[in-house]
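This report concerns only the one structure given below.
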There are 2 protein chains.
Amino acid sequence: MKLHQVKSPNDIKDEMNKYFKNIKLENERVNIESALNRYLAVNVKGIVDIPDFDKSTVDGYAVKASDVYGASESIPAFLTYIGEVEMGKDTELILDYDQCVYVPTGGKLPEGCTAMVMIEHTEKIDEETIAVYKPLGEGENIIKIGEDMRKDEILLEKGRKIKSYDLGVLSAQGIWEIDVYKKPNVSIISTGDELVPPYEDIKEGQIRDINTYTIMGAIKELGGKVINTSIVKDNYQSLKEAVEKYGEISDIVIISGGSSVGVKDNTAKVLDNLGEPGVFVEGAAIKPGKPTIISYSDYTAFIGLPGHPLSSVIVFSVFGKELFNILLNKNHRDEVVVEAYCDQNIHSTPGRETYQAVKIEKRDGKNYFKPILGKSASISTIVKADGLLKMEIEEEGISKGDKRKIILI
Amino acid sequence: MKLHQVKSPNDIKDEMNKYFKNIKLENERVNIESALNRYLAVNVKGIVDIPDFDKSTVDGYAVKASDVYGASESIPAFLTYIGEVEMGKDTELILDYDQCVYVPTGGKLPEGCTAMVMIEHTEKIDEETIAVYKPLGEGENIIKIGEDMRKDEILLEKGRKIKSYDLGVLSAQGIWEIDVYKKPNVSIISTGDELVPPYEDIKEGQIRDINTYTIMGAIKELGGKVINTSIVKDNYQSLKEAVEKYGEISDIVIISGGSSVGVKDNTAKVLDNLGEPGVFVEGAAIKPGKPTIISYSDYTAFIGLPGHPLSSVIVFSVFGKELFNILLNKNHRDEVVVEAYCDQNIHSTPGRETYQAVKIEKRDGKNYFKPILGKSASISTIVKADGLLKMEIEEEGISKGDKRKIILI
């Protein structure tokens, strides 16, 4: 057995990147109706210019801007009406000086047109004559070829989480199917002789398995797919069998529990025996979450989380998020944070990056946060929280009035 | 046809609440593996106290705190070892003065115990004697019955969006199935003679249907289910048939397009003929998005969005969000906002609530935002944006250096 020192979260993330970047997810092709919140496995380039023809952004008349220069309510410009463009149709009309063509919003501009005058600023004098009461700049009320998107331009980058309006970019380009990363396959193992699934009755001294479900939710949010959950007894042999079985079919195996000394040792030993490099984190300078174990063998990532529900949720929000960032090659890794003022002194643990669940209150247009106190063995604590306050490894706490960023949860 | 005045977004939201609260979604029962991001249709109350027995939060010995008062490295307290509690098992051991019992993390405490000493602070002297080197406060390292959750306490409120750790609360309580609101059934109609779906070839003058997919994405994010999408020709009869057909089977019908004058009138007329109260918004004091139409008939909500892709996305982010807040009875309606400083003067349109897509940049630990300029007929604009700046109806613009809240998108 190797000996491990407690490592700082930043060092741990560096090592995670080193090992876990070897786990290559396959691509899968999905159509844009199922692409929301998936991660792009390729750069999406423009296939065509959008728009692919010069078009009007208003209902009105296509004109040469120079023809209506100086037009006003009192001295309109009179133009000869030569026809109209039908919506969704090509046009062979060519605009000469002092002529105009009716074009609806989104309609194709006739050749020779340099601006569109809105119908509100015109008057039909007779079948052949339109009066224009307003001057126009060149290019006014039109959108030119390629002004929205250009052919060959990178429109959406590899690793991007596909948002609702990205679907609009894809559909505009006529891209019906795209390559995204397959969702990482995740198995969740909860260890503990006292654990019972939520759909079974419990006996005195037993408790319901909590961590499987909180971690399952977090995995879905991060873009993973839970392919297996199981409760395993607290002994070396049971854990070994489960880890080997699920390690083989998963990209990620999460093991929660094992906060009691013997079980923690079992988890580390089992993971270390799966193959090189094995366990590279056994103890993290983070609070809660010191007994965190992280291991890599045979293209599978293993994270051993503490058993206490609140601790496991917080540890997973730090290292689980990093793991999915790496596997899905996410290019937008920002957490959503809000600024808020500390409403009462909060104690930290120097030497450990400390996370504290907080409640945010709005007063006088400012955000204030208060710690939600609760033992790490509780889970209801975090339900009442709006976010997590992160205190850096060297901090001793923060004082009332300090301004800090709160990670929203 | 009624005559409508352009209404302020706040007035519109008030009227939406008045009418749309009549749309009652049914409940459906889901198990906790499928409950993530659904909206609770009931208050979830505690069925049992959690924990339902006093338990240890460490590996160590159950003691009476008074027995180890003043214990230290040099003067340990010596206690008589009378047995151990097995994990997940009940215990009949009763602790008397000067006795101790081994209890693992999460194990049930024997009667008479008032604190747990961590094993690291003890030494086994012989089979019957344990030395304790550290004093303890009453209640230290134990979690009491009901300390996490109480029986009959409201743990999760009706209208809450179920988050990952809420699943932990449910599983802890042994609640395997819960009642959530059925997802609102939504039909999306895109109108336009020029529109072609993204999987079909286009001819000169035609464009791909964009709005169906951006709105589809937004609906999924808000908690809805898209049951139908269709492209409809720009005429009264086609629109009437589509609206009647899909209105009957949907809770919500979204109609996009109709930014050209004739089509807008068609949409309002068709919706108004569906029954009382019909159209109650025809024109919103919002930019982009003035031609917004909102209607209510026969327990169905109708929203007519402008045809320009960027406009329709922004309008839907305002009124579509409100609609889902009402239908799903959401009790957490905050948008995610970050504070940032304006990096260049931005113009607004007084008399209209103005939304501007912005890019956020971090410099020297502060956020700065710049407008992303783009015509409302473009969609790529918003892909480059991080958020939306909202300028109030009475504002004329904002100046460089002003601090504002940006709604993240």
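The values are calculated or read from the model by the stated rules, or taken from the named source; none is laboratory data. For clarity, every value in this text was computed on a predicted model and none was experimentally measured. All Cβ positions, even for glycine, are placed from backbone atoms using ideal geometry, and neighbour counts span all protein chains on display. Areas reflect the complete protein model, heavy atoms only, side chains present, ligands, DNA and RNA absent. Shrake-Rupley method; radii C 1.70, N 1.55, O 1.52, S 1.80 Å.
Summary of computed values
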item	result
Residues located in region A:143-174, provided they are surrounded by fewer than 18 Cβ atoms within 10 Å (Cβ to Cβ) and touching a His at 6+ places or on another chain (Cβ under 8 Å)	A:K161
Among the residues listed as B:A340, B:A357, the single one being closer than 22 Å to A:I406 by Cβ and within 14 Å of chain A (Cβ to nearest Cβ)	B:A340
Residues satisfying the stated conditions in region B:223-237, i.e. modelled with pLDDT of 95 or more and facing another protein chain (nearest Cβ under 10 Å)	B:V226, B:T229
Number of the exception - B:V196 against (1) over 30 Å from B:N27 (Cα atoms); (2) β-branched (V, I, T); (3) within 8 Å of chain A (Cβ to nearest Cβ)	(3)
Yes/no for B:E177 being within 29 Å of A:I231 (Cα to Cα), surrounded by fewer than 18 Cβ atoms within 10 Å (Cβ to Cβ) and at pLDDT below 95	no
Pair list, Cβ < 7 Å and 6+ apart or interchain, from region B:323-343 residues that are under 23 Å from A:N367 (Cα atoms) to residues that are polar (S, T, N, Q)	B:R333/B:N325; B:V338/B:N367; B:E339/B:N367; B:A340/B:N367; B:Y341/B:N367; B:C342/B:S399
Exclusive hit being open to solvent by less than 30 Å² (accessible area, probe 1.4 Å) and on the phi > 0 side of the Ramachandran plot, set A:G304, A:G289	A:G289
Elements of type strands (runs of 3 or more DSSP E) contained in region B:57-107, each with 2 or more residues being within 14 Å of another protein chain (Cβ to nearest Cβ) and free of Cβ contacts under 8 Å to residues at least 60 places away in the same chain	B:99-103
Some residue of region B:27-36 being surrounded by fewer than 22 Cβ atoms within 10 Å (Cβ to Cβ), away from chain A (no Cβ under 13 Å), out of contact with any Lys or Arg (no Cβ under 8 Å at 6 or more places or on another chain) and within 30 Å of B:G224 (Cβ to Cβ)	yes
Subset of region B:293-309 (residues that are in contact with a strand residue (DSSP E or B) (Cβ under 7 Å, 6 or more places away or on another chain) and free of Cβ contacts under 8 Å to residues at least 60 places away in the same chain)	B:I293, B:S295, B:S297, B:F302, B:I303, B:G304
Hits in region B:108-134 (condition: more than 22 Å from B:E147 (Cβ to Cβ), under 48 Å from the mean Cα position of the chain (by Cα) and assigned to a loop (DSSP other than H, G, I, E, B))	B:K134
Criterion (under 21 Å from A:R404 (Cα atoms), more than 24 Å from the chain's Cα centre (by Cα) and not small (G, A, S)) met by exactly one of B:K400, B:K405, B:K362	B:K362
Residue match in region A:257-268 (condition: facing chain B (nearest Cβ under 10 Å), in contact with a Leu (Cβ under 6 Å, 6 or more places away or on another chain), touching a residue at least 40 places away in the same chain (Cβ under 8 Å) and under 27 Å from B:I162 (Cβ atoms))	no
Residue list for region B:66-118, restricted to those being open to solvent by 10 Å² or more (accessible area, probe 1.4 Å) and β-branched (V, I, T)	B:I75, B:T80, B:I82, B:T91, B:I94, B:T105, B:T114
Long-range neighbours under 8 Å by Cβ, at least six apart or interchain, first residue without any contact (Cβ under 8 Å) to a residue 60 or more places away in the chain and under 12 Å from A:V63 (Cα atoms) within region A:108-129, second open to solvent by 70 Å² or more (accessible area, probe 1.4 Å) and among the β-branched types (V, I, T)	A:P110/A:I94; A:E111/A:I94; A:G112/A:I94
Matching residues in region B:138-182 - criterion: being assigned to a loop (DSSP other than H, G, I, E, B) and under 18 Å from the mean Cα position of the chain (by Cα)	B:E157, B:K158, B:G159, B:R160, B:I162, B:K163, B:K182
Subset of region B:1-49 that is within 20 Å of B:E282 (Cβ to Cβ), part of a loop (DSSP other than H, G, I, E, B) and of a type in the set (S, T, N, Q) - its residue that is modelled with the lowest pLDDT	B:Q5
Hits in region B:1-12 (condition: in contact (Cβ under 8 Å) with a residue 12 or more places away in the chain and surrounded by fewer than 20 Cβ atoms within 10 Å (Cβ to Cβ))	B:M1, B:K2, B:H4, B:Q5, B:V6, B:S8
Residue within region B:121-136 that is open to solvent by 70 Å² or more (accessible area, probe 1.4 Å) and of a type in the set (V, I, T) present	yes
Condition broken by B:A385, with the remaining ones in (1) at pLDDT 85 or above; (2) open to solvent by less than 10 Å² (accessible area, probe 1.4 Å); (3) touching a helix residue (DSSP H, G or I) at 6+ places or on another chain (Cβ under 8 Å); (4) in a loop (DSSP other than H, G, I, E, B) satisfied	(3)
Every residue from region A:176-191 that is more than 7 Å from chain B (Cβ to nearest Cβ), of a type outside the set (K, R) and over 18 Å from B:S34 (Cβ atoms)	A:E177, A:I178, A:D179, A:V180, A:Y181, A:P184, A:N185, A:S187, A:I189, A:S190, A:T191
Evaluation of B:I202 against (1) within 14 Å of another protein chain (Cβ to nearest Cβ); (2) in contact with a Ser or Thr (Cβ under 7 Å, 6 or more places away or on another chain); (3) among the β-branched types (V, I, T) (one fails), failing number	(2)
Criterion (open to solvent by 80 Å² or more (accessible area, probe 1.4 Å) and in contact with a Phe, Trp or Tyr (Cβ under 9 Å, 6 or more places away or on another chain)) met by exactly one of B:K18, B:K45	B:K18
Condition met for A:I326 (more than 22 Å from the chain's Cα centre (by Cα), away from chain B (no Cβ under 14 Å) and of a type in the set (V, I, T))	no
Condition check for A:E248: within 31 Å of the chain's Cα centre (by Cα) and more than 13 Å from chain B (Cβ to nearest Cβ)	yes
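Conditions tested, residue by residue: (1) closer than 22 Å to B:A340 by Cα; (2) not β-branched (V, I, T).
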site	(1), (2)
A:V313	no, no
A:N325	no, yes
A:D386	yes, yes
A:I393	no, no
